[in-house]
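Here, each number is a calculation from the coordinates, and none is a lab measurement. Every value quoted in this text rests on a predicted model; they were computed, and no experiment measured them. Note that each Cβ is placed from the backbone with ideal geometry, even for glycine, and that neighbours are counted across all protein chains shown.
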Amino acid sequence: MTMLFQAIEQRRKEFGSALTVVGHHYQAEDVIVHTDIRGDSLELARKTAEVRSDYIMFCGVYFMAESAALLAREGQQVHLPEPSSECSMALMSPPAAVEGVLEALSQGGRNIVPLTYVNSTLAVKAVVGRFGGAVCTSANARTMLEWALNQGDAVLFLPDRNLGMNTADLLGIPDAERHQVDIRRRGGAVDRTRADKARLLLWPGHCSIHTHFTTAQVEAVRKAHPEAKIVVHPECTPEVVRACDGAGSTSWLIRYADELPDGERLFIGTEINLVRRLAAQHKGRISILPLTESSCPHMAQTTEERLAAALEALQAALDTGEDSPFLVRVPEELKAPARAALERMLDVCK
Ligand code: 13P
Ligand code: SF4
């Protein structure tokens, strides 16, 4: 046991039920061992909303902690051990561009319902909430896209084009009814003639960690291990997803490994920390390997050192009566519309 491990555990013991440490499955092993709750994005949104402790230490990326802060109870605080840990995909949809594109798409009188992946900033969730839309995660994208299609004439899915395309494949939405929007010039470059014919409008964002997986890697595995199963996260491209045996959120990937019969070989295409953890958990029962190694630098910004520092800062803040620099704040004016978008998801997917 290292000094850092002991220091964190000591602080957790001192805080007792006043503190809950939560972490996403992509966190490194030396961070995730300190968590009370771990999960995928949907599970974390649901579970943190139920947490009663005064302080939530969120080991993940900024948008996740922001969502937790939004759903927090009166007086409850959410802290993020590394406040600069921004998901690069979330930054691919600036709120002003989203608003401009939605206005441009609505000009012909069509009711465009925005559906934002939870991997987006709170400001984007607020725009989506104001336009009557909702949030989704990779675990409920299919249900939420069906819901959004029933609310209006077309859906703007953002920011992850790949999750949008993979979900459209599951729902059988033909290519002719999909259109990738030109997001330049805050909506000024939208091609209305093409957009007006589409039921699904896709924002051109992507996750660089999951677009690292290729069909060439899938083909190489199929050749070397024809008996092996291959599963990936739906942030991978549709070509990769179609070439694999299945795709799903991080909790779906965990369940898939759990349910695989003894002696099987499984290749997983997602963030390497989760793949390594599953490989260690199932060692001796099934063999789990990465499709290729791909790690998320934003998730990796939260280290054991940062977690220890954030816990120290929380204690110091309580001693002095000042706010900790790790406290996540939600601008007052964004609260109601962003909460509306998140709560629509939580209501639809009870
Ligand atoms: P899920 O845990 O919801 O599958 O999300 C994956 C991811 O990329 C989080 O940033
Ligand atoms: Fe963002 Fe991709 Fe990292 Fe998830 S894995 S936090 S989507 S960059």
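Quick notes on this one:
- Residue match in the stretch 275-286 (condition: touching a Cys at 6+ places or on another chain (Cβ under 8 Å) and not in a strand (DSSP E or B)): no
- Subset tally (residues that are farther than 22 Å from residue 87 by Cα and in contact with a helix residue (DSSP H, G or I) (Cβ under 9 Å, 6 or more places away or on another chain)) for the stretch 259-278: 3
- Some residue of the stretch 296-306 being free of Cβ contacts under 8 Å to residues at least 40 places away in the same chain and within 19 Å of the chain's Cα centre (by Cα): yes
- Conditions (1) away from ligand 2 (no atom under 16 Å from the Cβ); (2) under 17 Å from the mean Cα position of the chain (by Cα); (3) of a type in the set (Asp, Glu): number failed by residue 235: (1)
- Of the set (1) part of a helix (DSSP H, G or I); (2) closer than 23 Å to residue 50 by Cβ; (3) more than 16 Å from ligand 2 (Cβ to nearest atom); (4) of a type outside the set (Val, Ile, Thr), all apply to residue 329 but (1).
- Scanning the stretch 167-200 for residues that are within 16 Å of ligand 1 (Cβ to nearest atom) and of a type outside the set (A, V, I, L, M, F, W, C) gives a single hit, 167.
- Pair list, Cβ < 8 Å and 6+ apart or interchain, from the stretch 201-225 residues that are under 11 Å from residue 291 (Cβ atoms) and within 16 Å of ligand 1 (Cβ to nearest atom) to residues that are among the β-branched types (Val, Ile, Thr) and part of a loop (DSSP other than H, G, I, E, B): 210/270; 212/292; 213/237; 213/292
- Residue match in the stretch 257-270 (condition: of a type in the set (Ser, Thr, Tyr) and more than 16 Å from ligand 2 (Cβ to nearest atom)): no
- The stretch 46-94, residues that are in contact with a Leu (Cβ under 8 Å, 6 or more places away or on another chain), more than 14 Å from ligand 1 (Cβ to nearest atom) and over 18 Å from residue 27 (Cα atoms): 49, 53, 54, 55, 70, 71, 77, 93
- The number of residues in the stretch 280-290 that are crowded, with 17+ Cβ neighbours inside 10 Å and either within 15 Å of ligand 1 (Cβ to nearest atom) or closer than 29 Å to residue 80 by Cα (or both) comes to 1.
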